[in-house]
Amino acid sequence: MTDSRSKLPSVNVLLEAAEAGGLMDRIPRAVVTASIREVLSTARDSRSDEPADGWLHEVENHARDWRRTSLQKVINATGVILHTNLGRAPVSGPAKQAVLASLEYSTLELNIETGRRGSRQSHLKRLLRNITGAEDALVTVNAASALLLAINTVASDHETVISRGELVEIGGSFRLPDIISKSTSQLVEIGTTNRTHAKDYTGAITERTRCLLKVHRSNFVQKGFVADVEIADLTDLAPANVVVIHDVGSGLLLDLAEFGLTGEPMVQTSVQAGATTIFSGDKLLGGPQAGIIVGATDVLEKIAANPMARAVRPDKSTIAALEATLSAYLDRTTALKEIPVLAMLTADTEEISVRAQRLAESIPGATTLPGFSSVGGGSFPESPLPTTLVAISPESCEKMMTRLRAHSPPIIARVLDDRVVFDVRTMTESEIGVVATACS
Ligand SMILES: *Cc1c(COP(=O)(O)O)cnc(C)c1O
């Protein structure tokens, strides 16, 4: 028996052939080299001979594969609404349209009435003022940068006071002590892990204090013998030259108590209390990745004038998607229907059950069972959402999950008690159809 491996050309021989064939004139050398190695390795593993179209043709095909983008749309069948790995909030239809339009020439920094230079922030200021009740607003690339910028502006070389119960790590290495130190402010810890009182703040305020920082715990809750100071009490006790910054995290702009969703701070509450309020654009707000700062004009003007503001300014597609998303908030009913995050959060459990039933009927051997979706993104950590799951029992859950991820578009499901489960809460009607076809 002859060994087919001996028939394989060497990498160098193919490299020379590629060079002579002009491949390097079009394709980066590194890609050609990697493609040659891949083609040879595949041929070695499958003990195959020279392909019918020749080695070079095969190498070129491989090189073409490199042009497929790795960032692609997926179907989120996990039931986790704000799934960090899947890009947090999916944006609304109008927001997607606005992004497309913004990628052409646009009025990004043009005042269309005067024909003079305008501000990119102007597209968002009026909406944010009207929705949150704040005097002024500024948008950055994410909440982490907004916090860094705000603390650096008001408390650089001075002191920032924060409760030990709020010195949190949010995820993705967002740690409060590091943010405060990188904003060149001195951290002053007060109170204890579980209890901090108003007198702890007043006792810590000196002539070097410029900021009282309150941070929402987001992804965990404290229960039992606990105490902290309400934002309104904090702004009450703060001296005139001390800015109260409240990082509320999720950017909840609508009261969702009627849906049983409580415990997440509302932006408007902090604004009303007089705090400089910071939140994310792509969590409960349901828009693109962004950091939003709202508050009093004198503080916001100082923040906007900080040279660091230029380094964290949002790009045009962020502004476009955020403007379209915020516009929906001008009407509560529109917001709850049009913004996917809010629609999924407040979806009717009866309707979910009907949709799940329909999916189960189209997959052989599938059953439905009661379960829970979750909000994710560190929001409403104590509010599991009742849902109806669709379950299948493949021989190997791991193999099934791999097969689903290999689907186009990839389907991301969950494994629960040795079954693969799909949660229709985070899927559109057409996506449910795709999953049905993929599984039958
Ligand atoms: C999520 C979160 C952040 C970070 O927001 P990004 O927009 O991801 O930078 C900061 N603070 C709190 C309280 C959060 O929940």
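The values are calculated or read from the model by the stated rules, or taken from the named source; none is laboratory data. Note that the structure is a prediction, hence the values are computed from the model and not measured. Every residue, glycine among them, receives a Cβ derived from its backbone with ideal geometry; neighbour counts consider all protein chains shown. Ligands, DNA and RNA are stripped out before the accessible areas are found, and what is left, the full protein with its side chains, is counted by its heavy atoms. Shrake-Rupley method; radii C 1.70, N 1.55, O 1.52, S 1.80 Å.
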Under the Karplus curve 6.51 cos²θ - 1.76 cosθ + 1.60, θ = phi - 60°, whole-Hz ³J(HN,Hα) for segment 205-214, x wherever Gly or Pro sits: 6, 10, 6, 8, 6, 10, 9, 9, 10, 10
Gyration tensor (Cα) of segment 334-440, equivalent ellipsoid semi-axes in angstrom: 23, 15, 14
With 10 Å bins from 0: P(r) over segment 94-143, alpha-carbon pairs, percent: 22, 45, 32, 1
Within the chain, helix-based [θ] at 222 nm, where runs of 4 or more DSSP H residues each add -39,500 (n - 2.57), nearest 500: -11500 deg cm²/dmol
Calculated FRET efficiency for the pair Gln272/Glu301, C-beta based, R₀ 25 Å, to 0.05: 0.75
Local electrostatic count at Asn306 - Lys and Arg +1, Asp and Glu -1, tallied over other residues with Cβ under 15 Å: +1
At 0.890 mPa s and 25 °C, Stokes diffusion of segment 162-308 via Kirkwood alpha-carbon radius, µm² per second: 152 µm²/s
Accessible-area ranking of Cys211, Cys397, largest first, probe 1.4 Å: Cys397, Cys211
Rounded Å value of the spacing that divides the Cα centres of segment 233-283 and segment 204-223: 13 Å
Accessible surface of His83 - all protein chains present, 1.4 Å probe, nearest 10 Å²: 40 Å²
Net +/- balance of residues flanking Thr193 in space, Cβ distance below 12 Å, scoring K and R +1, D and E -1: 0
Length-normalised contact order for the chain - Cα pairs under 8 Å, 6+ apart - percent: 20 percent
For the chain: accessible area per residue (Å², 1.4 Å): 50 Å²
Value of Rg/Rh across the chain [Cα atoms, Kirkwood radius]: 1.07
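Per the Kirkwood definition applied to all pairs of different Cα atoms, how many angstroms is the hydrodynamic radius of segment 280-388?
Kirkwood radius, segment 280-388: 17.0 Å.
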Under-5 Å amide H pairs with Gln186, H placed in peptide plane, nonlocal only: Asp157, His158, Glu159, Thr160
Separation of alpha-carbon centers, segment 291-338 and segment 22-37, rounded to whole Å: 45 Å
Average Cα contact separation per residue, segment 359-409, under 8 Å, 6 or more apart, as relative contact order %: 34 percent
Radius 13 Å from Cβ of Cys397, net charge of other residues (Lys, Arg +1; Asp, Glu -1): +1
Leading residue at positive end of dipole, the chain (Cβ point charges), from Ile412, Gly191, Thr33: Thr33
Percentage relative contact order, segment 282-440, counting C-alpha pairs under 8 Å, at least six apart: 18 percent
D (Stokes-Einstein, µm²/s), Kirkwood Cα radius, segment 123-209, 0.692 mPa s at 37 °C: 226 µm²/s
Three semi-axes of the equivalent ellipsoid, segment 26-183, Cα gyration tensor, whole Å, largest first: 47, 26, 18
